[in-house]
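Structure, as structure tokens:
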Amino acid sequence: MVTRLFTNLDEGRAFVLRDRDMTKAELSPRMREGVRRVFGEDLSAEQVVSRIIADVRSNGDAALRHYTREIDGVDLDSLEVTQAEIADALATVPSEVIEALRFAAGRIRSFHERQHIDSWIDFQPEGALGQIIRPLERVGLYAPGGTAPYPSSLLMTAVPATVAGVDEIIVCAPPERDGRIAPVTTVAAHIAGVQRVFKFGGAQAIAAMAFGTESVPKVDKVLGPGNIFVVLAKRQVYGEVAIDALPGPTETLLIADGSVDAALCAADMLAQAEHDPMASAILLTTSTALANRVQQELGRQLAALTRTSIAGESLARNGAIVVVPDLDTAFEIANVYAPEHLCLLLADPWAHIASVKHAGGIFVGEHSPEVIGDYTAGPSHVMPTGRTARFSSPVNVGDFVKVISVIGLNEHGLRQVGPAAVQIAHAEGLTAHAAAVEQRLERLRPE
């Protein structure tokens, strides 16, 4: 059996809705061995991140070089990607890949340019009220590496930032063995209009962007997905800088009836599972026959993948097929799960959109696979995970701007709103607040 198949609804529901907070997960044996090698003792992930942040904050570039050497096995000649390395990447990456990245960037830009977040000031008889929208001055983006580079994730954060008008965008990405970051990541940064790219990753990259070093400028906000150390580092530096979210392992939940092609259903699950052993691919279906066919297809298609072991471990640990009595039950479970990606593989998917309360993104019908959302649809694929879709949104232009309130009352306006303000101030025991308004009201000329 490639993945769990539940025909008992209670058992299936319990598995799907189990706690999946990545930050509570135990480190793998390989990670624990790496911690002992670098730090000389057993430490929790939280302790590792705390030490790295403190070191980078105190020792700046020297700490960045130290952890890149000890963790990544790379001695850096320079911390920053040079113009020569950008030119080399543009010459190295196949032209068809560069063209595809340009195409994707154009789609992402066009989508986000439709998100109008504009300043406004409303002039009324009592004066003016409004909001001024200002882009953040400098943001730091994390581009994950690890088992594979993800230039698409870089585009999905950097392009909305440029649309918002951010003055300076910097990127940190872990280096490869040759001391350079993946050429395709360098190309993606160039296409997206990133100003500076640095060649180190992990918690040390988050710390460098949050606090600044001799080489790395301090940013206003850090965004982008990463492993457990990156996520914990973002949590620990929050307050010093803003962050987008604390993304966990990627997840897809499919809702299907008996009308869908089982091979496509399996392909969508495998596309999610090959990301990471901790990824989750789950199918809720009203059809027992489809559930059995998908299980068979998973086994058949899994054997042909280049990342068979990763996808297989993901399906075995976190995947599931759950047979549900009806679509109402499927959507009830889905709304509690609040998936990053919700795929509706139904005969009439648009008829069920109103049933969705929580999801990072909805992929409607067989012709809208989640993979297209990963690359070329247009919306950012950096979406909320771990049930945070209940209260948060995918990365968008709003992540890169701030709102400044404008209050400009005249005498008439002060007469209208002042007395109530005085009453509330006295109710709170703040007599100086009340006096600041009362003195102004006393000085007003008769209307």
Residue-count net charge about HIS66 - beta-carbon cut-off 13 Å; Lys, Arg +1, Asp, Glu -1: -2
Kirkwood Rh, Cα Rg: Rg to Rh for the stretch 201-310? 1.19
Per Stokes-Einstein, at 37 °C and 0.692 mPa s, what whole-number D in µm² s⁻¹ belongs to the chain, with the Kirkwood radius over Cα pairs as the hydrodynamic radius? 135
Mind listing which chymotrypsin sites (Phe, Trp or Tyr not before Pro) in the stretch 365-433 are in a DSSP loop and have 11 or fewer other Cβ atoms within 10 Å? PHE391
Those trypsin sites (Lys or Arg not before Pro) from the stretch 104-211 that are DSSP loop and have at most 10 other Cβ neighbours within 10 Å turn out to be ARG114, ARG177
Fewest-first ranking of MET269, MET383, MET1, using other Cβ atoms within 10 Å as the exposure measure: MET1, MET383, MET269
Amide H neighbours of LEU254 under 5 Å, counting only residues 5+ apart in sequence or on other chains, H built in-plane at 1.01 Å? ILE282, LEU283, LEU284, CYS343
In whole Hz and in residue order, list the ³J(HN,Hα) couplings for the stretch 77-94 that follow from phi through the Karplus curve 6.51 cos²θ - 1.76 cosθ + 1.60, θ = phi - 60°; x for Gly and Pro. 6, 9, 6, 10, 5, 8, 4, 5, 5, 5, 4, 5, 5, 4, 7, 8, 5, x
Using only Cα atoms, figure out Rg for the stretch 279-328 and give it as a multiple of 2.2 N^0.38 Å. 1.22
Given H placed on each backbone N at 1.01 Å, which residues far from ALA128 in sequence or on other chains put an amide H within less than 5 Å of it? GLY408, LEU409, ASN410
What shape does the stretch 60-170 have by the C-alpha gyration tensor, where a ≥ b ≥ c are the square roots of the eigenvalues, rounded means a/c under 1.5, and otherwise prolate means a/b greater than b/c and oblate the rest? oblate
List the trypsin sites (Lys or Arg not before Pro) within the stretch 5-53 that DSSP assigns to loop and that have no more than 15 neighbouring Cβ atoms inside 10 Å. ARG18
With the contact rule set at Cα under 8 Å and sequence spacing of 6 or more, what percent relative contact order holds for the chain? 20
Packing-wise, with mean Cβ within 10 Å as the measure, how do 358-370, 151-163, 330-342, 411-423 rank, highest first? 151-163, 330-342, 358-370, 411-423
Could you please tell me the mean projected area of the C-alpha convex hull for the stretch 220-280, averaged over all directions and given in square nanometres to one decimal? 5.2
Between ILE243 and residues 5 or more places away or on another chain, the pairs with built amide H atoms under 5 Å apart involve VAL222
Using θ = phi - 60° and the Karplus relation 6.51 cos²θ - 1.76 cosθ + 1.60, list the HN-Hα couplings for the stretch 412-428 in order, rounded to whole Hz, with x at every Gly or Pro. 4, x, 4, 4, 6, 9, x, x, 5, 4, 4, 4, 5, 4, 5, 5, 8
D for the stretch 320-404, whole µm²/s, Stokes-Einstein with Kirkwood Rh over alpha-carbon pairs at 10 °C and 1.306 mPa s: what number? 114
Net charge near SER259, counting Lys/Arg +1 and Asp/Glu -1 over other residues with Cβ under 11 Å of its Cβ? -4
Would you mind ranking SER393, SER280 by Cβ crowding within 10 Å, fewest neighbours first? SER393, SER280
Once the Cα gyration tensor of the stretch 267-424 is found, what semi-axes does its equivalent ellipsoid get, as square roots of 5 times the eigenvalues, in whole Å, sorted largest first? 44, 19, 14
Inter-part gap, Cα centre of the stretch 304-326 to Cα centre of the stretch 353-380, in whole angstrom, is 20
Net charge near LYS218, counting Lys/Arg +1 and Asp/Glu -1 over other residues with Cβ under 14 Å of its Cβ? -3
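Read-outs throughout are calculated quantities, based only on the coordinates presented, and are distinct from any laboratory measurement. None of the values given here were measured: they were computed from a predicted structure. So basically every Cβ, Gly included, is an ideal-geometry build from the backbone, and we count neighbours across all protein chains shown.
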